[in-house]
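For reference, the structure is listed below as structure tokens.
Values quoted throughout were computed directly from the atomic coordinates according to the rules given, and no laboratory measurement underlies them. No experiment lies behind these values; they were computed from the predicted model shown. Reconstructed Cβ throughout: ideal geometry from the backbone, glycine too, with neighbour counts over all protein chains shown.
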Amino acid sequence: MKKAALEVALDIIKKISHYRYKAFIVGGAVRDHVLGMDPKDVDIATNMPMQVIGDLWRCYDIGKSKDFGIVVIAAEGHHFEVAQFRTDGDYKDGRRPESIQVASSLKEDVSRRDFTINALGMNAAGEIVDFVGGRADLEVRVIRTVGSPSARFSEDYLRMLRAVRFAARFGFVLEEETEAAIRQHASRISNLAVERIREELFKAAELPGPLFAQYIELLERTGLLEVALPEVAALKGLRHDLRHHPEAGGNVFGHVIEALKAYDGSDPIVNMAVLFHDIGKGATLGTSKTGSPTFYDHDTVGVEMFGVIASRLKLSNKEREAISFTIGHHMAFHLIMEMKASKVAKLVLSPHWDLLTAVARADEEARGCDPQATEMFNARISRAEDIRETWGKAVAGGNVSVIDGNTVMEVTGLKPGPEVGRLIRLATTWAVDHNVTDKKEIEGFVRQQVAAAARPS
């Protein structure tokens, strides 16, 4: 049976201790252990020289090893990042220290870490070593910086986003001075590389929907949301028509939060799609003749706005396509019972159908428990699935076709060209809308179209 990562790491630091060097398990692994969780990624800090470690274990360097004195030990099916005790020099760019010095002890090492809960150590006997009050903060469920909050955040602005993510992930609160410092320095995250912001946002989006909702709420409360995602922050002051969205007092931002809470999974793409599904409402607010707010074409505008966001955050083409599809079609989902079958087919046969339904379900459930609404939602799903069952075999690359080009040319005498493609599309739409699966009927329809086009007007 494979040993747990923490158990193997303890064996490693025991061996290091045998050679009269100091070694500790450090960071998130110790935090998770104290919280009763099974650590997956386990890091080790030591004063054993890297070359000695390389003699004792099978190791390989990582990209930053030359700068920081770090190797990775491969042992019993696990990998452990092993670093020498160190202290950081001055930070001048809000990202990385100008220099790094080797330290002699764990106490010096943890003084440079971000939060007290991440600054715990574990010795070879499995005992917790705590120089900064991290264990007490775990017990009272608090996120607190090591030392001055302003100093820690000025060193690396990303720590502000990390503080909020940890608070949401564990259900902790931000310590008062720590939160105040985030508010004070929130604007500085605009100086971060977009790749770092993207990575942090997607780490948060891997949380279950309700926790991701808490993360977004904390971003808003601390002023980080306006800098990281100003388009989402712009939804805060918007009001829905209470007849359609009574939740959260009719607040659009509140609706998005409730929709995230309604999603019980932890797929980051679903979370992001839910977060952005109403993004276009910030740019389409209008007023009806009765004085109610309107958001005409917010789905179309939302796709355009998300394109800007996706470029800014350097999302992959796959991520951009999936989320854009969902934003652009989340309103169409609500019209499935009224739509022609051919249009429903394009939705249900899309590779993003499952994503669309997940977002639509969260959007619907955000409004509260309504048996009639649930029944209607299920009816939409049922109709779409019936259409997929009937026409699924005719799908190629997401496009429905019920007759091929060779057949069209055979029954009409046409030569290859645009007209053949037009007839395929026309026949497909007709067949799906009229639920015609008989090949002879479809061929007859094609002949009729050619004959009608040939008649003098």
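Placing R0 at 56 angstrom, the Cβ-Cβ distance between ASP297 and ILE128 gives a FRET efficiency of 0.45 after rounding to 0.05.
Say R0 is 60 Å: what FRET efficiency, to the nearest 0.05, do ARG188 and ALA452 get from their beta-carbon distance? Mind dumping the intermediate values first?
Values: r = 67 Å, r/R0 = 1.12.
FRET efficiency, ARG188 to ALA452: 0.35.
Each part reduced to its alpha carbon centroid, the range 228-244 and the range 133-170 end up 29 Å apart.
Electrostatic bookkeeping for LEU120 treats Lys and Arg as +1 and Asp and Glu as -1; over the other residues with beta carbon under 9 Å from its beta carbon, the sum is +1.
For the residue pairs LYS281/LYS343; LYS203/LYS314; LYS261/LYS346; LYS40/LYS107; LYS343/LYS415, the C-alpha atoms sit more than 21 angstrom apart in LYS281/LYS343; LYS261/LYS346; LYS40/LYS107; LYS343/LYS415.
Residues whose amide H lies under 5 Å from that of ARG239, counting only those 5 or more places away or on a different chain, are VAL252; hydrogens are built 1.01 Å from N in the peptide plane.
Along its first, second and third principal axes, ordered by size, the chain spans 98, 57, 41 Å in Cα coordinates.
I want the local charge near ALA283. Using Cβ-Cβ distances under 13 Å, sum +1 for each Lys or Arg and -1 for each Asp or Glu among the other residues. Show your work: numbers first, answer last.
Values: positive: LYS281; negative: GLU231, ASP278, ASP297, ASP299, GLU304.
My count for the surroundings of ALA283 gives -4.
First check a/c for the range 342-387, with a ≥ b ≥ c the square roots of the eigenvalues of its C-alpha gyration tensor; if it is under 1.5, answer rounded, and if not, answer prolate when a/b is larger than b/c or oblate otherwise. Can you show the working numbers first?
On the way: a/c = 3.38, a/b = 1.63, b/c = 2.07.
It is oblate, given that a/c is not under 1.5 and a/b is not larger than b/c.
Once the Cα atoms are used to define both axes, helix 252-262 deviates from the longest principal axis of the chain by about 80 degrees. Specify whether the C-alpha gyration tensor of the range 144-258 places it in the rounded, prolate or oblate class, a ≥ b ≥ c being the square roots of the eigenvalues: rounded for a/c under 1.5, otherwise prolate if a/b is larger than b/c and oblate if not. Since a/c reaches 1.5 and a/b is larger than b/c, the shape of the range 144-258 is classed as prolate. Which whole number in µm²/s is D for the range 307-353 by Stokes-Einstein, with the Kirkwood Rh taken over Cα pairs at 20 °C and 1.002 mPa s? Result for D is 183 µm²/s.
Just order 276-283, 15-22 by mean Cβ neighbour count inside 10 Å, highest at the front, would you? Working shown, then result.
On the way: 276-283: 24.0, 15-22: 14.8.
Per-residue mean Cβ counts within 10 Å order the peptides as 276-283, 15-22.
Please identify the longest segment of the chain free of exposed GluC sites (Glu not before Pro), where exposed means a DSSP state other than H, G, I, E or B and no more than 16 other Cβ atoms within 10 Å. Longest gap between qualifying sites, sites excluded: 207-337. Computed from Cα atoms, the angle from the helix 371-391 axis to the main principal axis of the chain rounds to 70 degrees. Within the range 401-454, all pairs of alpha-carbon atoms sorted by distance into 10 Å bins from zero give the percentages 27, 62, 11. Take every pair of alpha-carbon atoms less than 8 Å apart whose residues are at least six positions apart; their mean separation over the length of the chain yields a relative contact order of 8 percent.
Amide H contacts of VAL142: VAL173, each under 5 Å away and 5 or more positions distant or on a separate chain (H built 1.01 Å from N in the peptide plane; Pro and chain starts excluded).
How large is the Rg to Rh ratio of the range 229-392 when both quantities use alpha carbon positions and Rh follows Kirkwood? It would help to have the intermediate numbers written out before the result.
Numbers: Rg = 15.5 Å, Rh = 16.2 Å.
Computed over Cα atoms, the ratio is 0.96.
Compute the label zone of THR290 within the range 235-275: residues whose backbone N is under 16 Å from the point 7 Å along Cα-to-Cβ. It comes to 240-246, nothing else.
Taking Cα atoms only, the orientation of helix 418-433 departs from the longest principal axis of the chain by about 90 degrees.
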